[in-house]
Amino acid sequence: MMIIKIGGGDSVNLQGIIADLSGVSEPFVIVHGANALRDRLAESLNMPKKTVTSVSGYSSVLSDQEALDVMMMAYSGLRNKRIVELCHQHGINAVGLSGLDGKVIQGQRNKGIRVKQNGKVKILRDFSGKPKTVNSRLLELLLNNGYTPILTVPIIDENNRAINSENDDIVALLQSALQAEIVIQLIEAPGFLENPRDPSTLISKIRKEELARREEQVEGRMKRKILALRKLFDRGAAKVIIADGRVEHPVRDALNEKGTVIL
């Protein structure tokens with residue numbers, strides 16, 4: 001079992017990813033983003049995204065009701081259905097689901113994000129939260145009958161309301177529920193870079209024991225992403241591959257360990 005996490009940038013080669021996956025024999029689940037599409041849609045609707053940084057240094061998008069509506073349009077609407085369409089064109093019998101559908105991903109809404117504004121700590125409450133449980137029975141029903149789940153946000157909270165959540169956290173939860181041996185993350189970079197602005201600083205291998213140290217060295221969204229990687233190994237992942245989603249054969253290259261392999 002594999003989990004394929006597809007980043008939401010414009011330059012990710014969706015055609016190449018799905019074409020590669022059509023030749024994969026083992027079962028897999030796709031979790032995808034759509035951040036570039038969401039940002040364009042938000043701008044066109046005059047509802048640009050709002051990013052906040054918590055007092056602990058983790059950055060996230062503030063999900064008010066308007067932002068949640070735009071996210072649904074971009075993630076579980078256009079991007080999800082285009083990926084499902086591509087899958088069918090390549091012989092993959094895909095089913096597109098948000099976390100809402102069949103309560104496939106249920107979470108708990110955040111009590112609030114502690115942020116510092118104008119020198120004061122404030123609590124911002126929005127429609128976001130942490131994934132807590134997976135409807136494994138639904139996913140196994142699909143997988144055992146020849147369907148490939150294509151998953152994205154929003155998820156559903158304890159009060160049956162739609163909430164935003166981090167795909168990295170969803171992937172960690174899915175890995176544990178499905179006992180996936182390999183997690184492939186396809187991004188807009190050659191892999192994990194020592195210097196984010198220099199592609200030549202690719203780190204080809206990282207020991208999982210190094211992740212805590214590296215988390216302390218970075219800020220913002222990268223800090224959150226490394227924390228999510230740590231959670232993957234805490235939950236039992238055997239191998240995580242971070243690879244370039246822009247190349248001609250993203251999945252094939254990842255399986256050949258072109259990128260960053262974390263063990």
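Between Asp101 and Ile123, what length in nm is gained on full extension when 0.36 nm per residue of separation is reduced by their alpha carbon distance? Please list the in-between numbers first.
Working: separation 22, 0.36 × 22 = 7.92 nm, distance 3.01 nm.
Gain on stretching Asp101 to Ile123: 4.9 nm.
Using only C-alpha atoms and all pairs of different ones, pull out the Kirkwood radius for the chain in Å with one decimal.
Computed over Cα pairs of the chain, the Kirkwood hydrodynamic radius comes out at 18.7 Å.
Just grab the label-to-label distance for Glu26 and Met222, each label 7 Å out from Cα along the Cβ direction, in nm (one decimal).
A separation of 3.0 nm, rounded to one decimal place.
Within the chain, what is the longest stretch that has no trypsin sites (Lys or Arg not before Pro) placed in a DSSP loop and near at most 12 other beta-carbon atoms within 10 Å? Before the final figure, lay out the partial values.
Values: sites that count: Lys111, Arg125, Arg197, Arg207.
The longest such stretch corresponds to 1-110.
For Gln108, what residues show an amide H to amide H distance below 5 Å, using hydrogens built from the backbone and excluding near sequence neighbours?
Lys130, Lys132
Taking only DSSP H segments of four or more residues, each worth -39500 (n - 2.57), what value at 222 nm results for the chain once the sum is divided by all its residues, to the nearest 500 deg cm²/dmol? Don't skip to the end; give the middle numbers.
Working: 9 runs with 84 residues, N = 263.
So the helix-based figure for the chain works out to -9000 deg cm²/dmol.
Based only on other Cβ atoms within 10 Å, what is the fewest-to-most ordering of Thr152, Thr201, Thr260? If you can, show how the numbers build up before the last one.
Details: Thr152 28, Thr201 13, Thr260 22.
If I rank by nearby Cβ atoms, fewest first, I get Thr201, Thr260, Thr152.
In whole angstrom, note down how far apart the Cα centers of segment 125-198 and segment 29-106 are.
Using only Cα atoms to place each centre, the spacing works out to 12 Å.
If I model a spin label at Met1 and Val115 as a point 7 Å from the Cα along the Cα→Cβ vector, what separation in nanometres do I get?
Calculated label separation equals 3.7 nm.
Could you name the lysines whose alpha carbon sits less than 22 Å from that of Lys130, not counting residues in the same chain fewer than 8 places away?
Lys5, Lys49, Lys50, Lys103, Lys111, Lys116, Lys122, Lys223, Lys225, Lys231
Against the 2.2 N^0.38 Å scaling, with N counting residues, where does segment 20-161 land? I'd like the Cα-based Rg ratio to two decimal places. It would help to have the intermediate numbers written out before the result.
Values: Rg = 17.2 Å, N = 142, 2.2 N^0.38 = 14.5 Å.
It is 1.19.
Out of Val153, Gln89, Ala189, whose Cα points farthest toward the positive end of the dipole of the chain (charges: +1 Lys, Arg; -1 Asp, Glu; placed on Cβ)?
Value computed over the given set: Val153.
Determine ³J(HN,Hα), in whole Hz, for all residues of segment 75-90 in sequence, where each value follows from phi through the Karplus function 6.51 cos²θ - 1.76 cosθ + 1.60 and θ = phi - 60°; x replaces Gly and Pro.
7, 7, x, 4, 5, 4, 6, 5, 5, 4, 4, 4, 4, 5, 5, 10
Taken together, the values in this text are just the output of simple stated rules run on the coordinates, not laboratory data. This one's a predicted model, so the numbers in the text were calculated from it and none came from an experiment. Cβ sites come from the backbone with ideal geometry, for glycine too, and all protein chains shown count toward neighbours.
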